[in-house]
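Visitor: Pasting a structure here, questions to come.
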Amino acid sequence: MKKDKDDVYGDHISHNFNDDLASLKADFLNMGGMVEEQLGDAVTALIEGDGHLADEVRAKDKIVDKLELELDEEATRIIARRQPAARDLRLVIAVIKMVADLERVGDEAKKIAKFALALAEEGQAPRGYIEVRHISTHVLSMLHDALDAFARLDSEQALRVMKEDKIVDEEYKAATRTLLTFMMEDARNISRCMSVMWVLRALERVGDHACNVAEHVIFMVEGEDVRHTPVEAAERIVGR
C-alpha cells in the first residue's frame with residue numbers, strides 16, 4: 001500500500017520543535033545543493049581544462065567541512081533539548097549519517113578538481129573524457145534524486161536510487177577496461193589515463209554515497225534499516 005508522502009515532521013504541539021526540525025531539513029538540503037554544485041563544477045573543470053574553476057572547487061571544500069560540523073551540532077542540540085522519539089529521532093539520526101556522506105562527496109569533488117588542475121597543465125585532453133562525462137551525469141542524477149527523495153520523504157524514489165548504484169558499478173568497470181586498452185595501445189597514454197581512472201573511481205564512490213543517502217531516506221520513512229540489505233528485500237519494505 002502506497003504511503004502518504006506528506007511531511008509528518010511538522011505536526012508537534014511545540015512550534016519551536018517544528019521549527020527546529022524544519023531548520024535541520026533545510027540546512028541539510030542547503031549543504032546537499034552546495035555539494036551537487038561542487039561536484040558538477042569539478043567535472044566541468046576537468047573536461048574544459050578550467051584551472052580557475054578547479055581552484056574554486058577546492059576552496060569550497062572548507063565550506064562543506066564547516067557545514068558538516070554545524071549540522072552535527074544542530075542535530076545534537078535537538079536530541080539534547082527535544083529528546084525526539086520514533087520518526088523524529090529517525091530523522092535526526094539519518095541527517096547525522098547523511099551529512100557524513102555529503103562531506104565525502106565533497107572530498108571526491110576536491111580530488112577530481114586536483115586531477116583537473118594536473119591534466120590542464122599537461123595541455124592535452126586524455127582519452128576517457130567521454131566515459132567521465134557519462135558516469136558523472138549518472139551519479140549527479142543519483143545524488144540529486146536522493147536529496148529530492150529526502151525533501152519529499154519519498155521512499156520509492158530512494159529505492160530507485162539504490163537500484164542505480166549497481167548500474168554505475170558496471171559502467172565504471174566498462175570505462176576502466178576501455179582506458180586499459182588505451183594504455184596498452186600507446187605507453188604515452190599511461191600517465192594521463194591513470195589520472196582519468198582515479199577520476200572515474202571518485203565518481204563511482206559518489207554513486208555509493210548517493211546510495212547511502214537513499215538508504216537513510218528509506219530508514220526515515222519506513223522505519224527499517226536497509227543497509228547491507230539486498231535490493232529485493234528493500235523493495236518488499238518499501239512496497240508494504
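Visitor: Looking only at the stretch 144-163, which residues are farther than 21 Å from V35 by Cα and aliphatic (A, V, I, L, M)?
Guide: Passing the criteria: only L159.
Visitor: Can you pull out the residues in the stretch 71-101 that are among the hydrophobic types (A, V, I, L, M, F, W, C) and either open to solvent by 10 Å² or more (accessible area, probe 1.4 Å) or farther than 14 Å from D27 by Cα (or both)? Write out each step before concluding.
Guide: Applying the first criterion (among the hydrophobic types (A, V, I, L, M, F, W, C)) to the stretch 71-101 yields 71, 75, 78-80, 85-86, 89, 91-96, 98-100.
If the condition is that a residue be among the hydrophobic types (A, V, I, L, M, F, W, C) and either open to solvent by 10 Å² or more (accessible area, probe 1.4 Å) or farther than 14 Å from D27 by Cα (or both), then I79, A80, A85, A86, L89, I93, I96, A100 are the ones that fit.
Visitor: Evaluate the following for L53: is it under 16 Å from A120 (Cβ atoms) and more than 20 Å from the chain's Cα centre (by Cα)?
Guide: Details: under 16 Å from A120 (Cβ atoms): yes; more than 20 Å from the chain's Cα centre (by Cα): yes.
Here the answer is yes, as L53 does meet what is asked.
Visitor: Cβ-Cβ under 6 Å, sequence separation 6+ or interchain: first residue in the stretch 106-117 and within 14 Å of M34 (Cα to Cα) and modelled with pLDDT of 95 or more, partner open to solvent by 20 Å² or more (accessible area, probe 1.4 Å) and in a helix (DSSP H, G or I). Which pairs?
Guide: What qualifies is E108/R205; K110/R58.
A quick yes/no check of all residues on (1) in contact with a Gly (Cβ under 7 Å, 6 or more places away or on another chain); (2) at pLDDT 95 or above:
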position	(1), (2)
A75	no, yes
R81	no, no
A85	no, no
Y129	no, no
S136	no, yes
A146	no, yes
V168	yes, yes
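Visitor: Give all pairs with beta carbons closer than 7 Å in which a residue from the stretch 183-194 that is polar (S, T, N, Q) meets a residue that is surrounded by 10 or more Cβ atoms within 10 Å (Cβ to Cβ) and in a helix (DSSP H, G or I); count only pairs at least 6 apart in sequence or on separate chains.
Guide: N189/F182; N189/M183
Visitor: Please give the helices (runs of 4 or more DSSP H) falling wholly within the stretch 142-240 in which 1 or more residues are touching a Phe, Trp or Tyr at 6+ places or on another chain (Cβ under 9 Å) and open to solvent by 50 Å² or more (accessible area, probe 1.4 Å). Give the derivation first.
Guide: Working: elements: 155-185, 190-222, 231-238.
Result: 190-222.
Visitor: Could you grab me the full set of residues in the stretch 104-141 that are open to solvent by 60 Å² or more (accessible area, probe 1.4 Å) and either in a helix (DSSP H, G or I) or in contact with a Pro (Cβ under 6 Å, 6 or more places away or on another chain) (or both)? It would help to see each step written out before you state the result.
Guide: In the first step, residues of the stretch 104-141 are kept if they are open to solvent by 60 Å² or more (accessible area, probe 1.4 Å); the result is 104, 110-111, 114, 121-125, 127, 130, 133-134, 137.
If the condition is that a residue be open to solvent by 60 Å² or more (accessible area, probe 1.4 Å) and either in a helix (DSSP H, G or I) or in contact with a Pro (Cβ under 6 Å, 6 or more places away or on another chain) (or both), then R104, K110, K111, K114, E121, E122, I130, R133, H134, T137 are the ones that fit.
The values are calculated or read from the model by the stated rules, or taken from the named source; none is laboratory data. Please read all numbers here as calculations on a predicted model, not as lab measurements. Every residue, glycine as well, gets a Cβ built from its backbone with ideal geometry; the counts of neighbours run over all protein chains shown. Side chains are part of the model used for accessible areas, which takes the heavy atoms of the whole protein and leaves out ligands, DNA and RNA. Shrake-Rupley method; radii C 1.70, N 1.55, O 1.52, S 1.80 Å.
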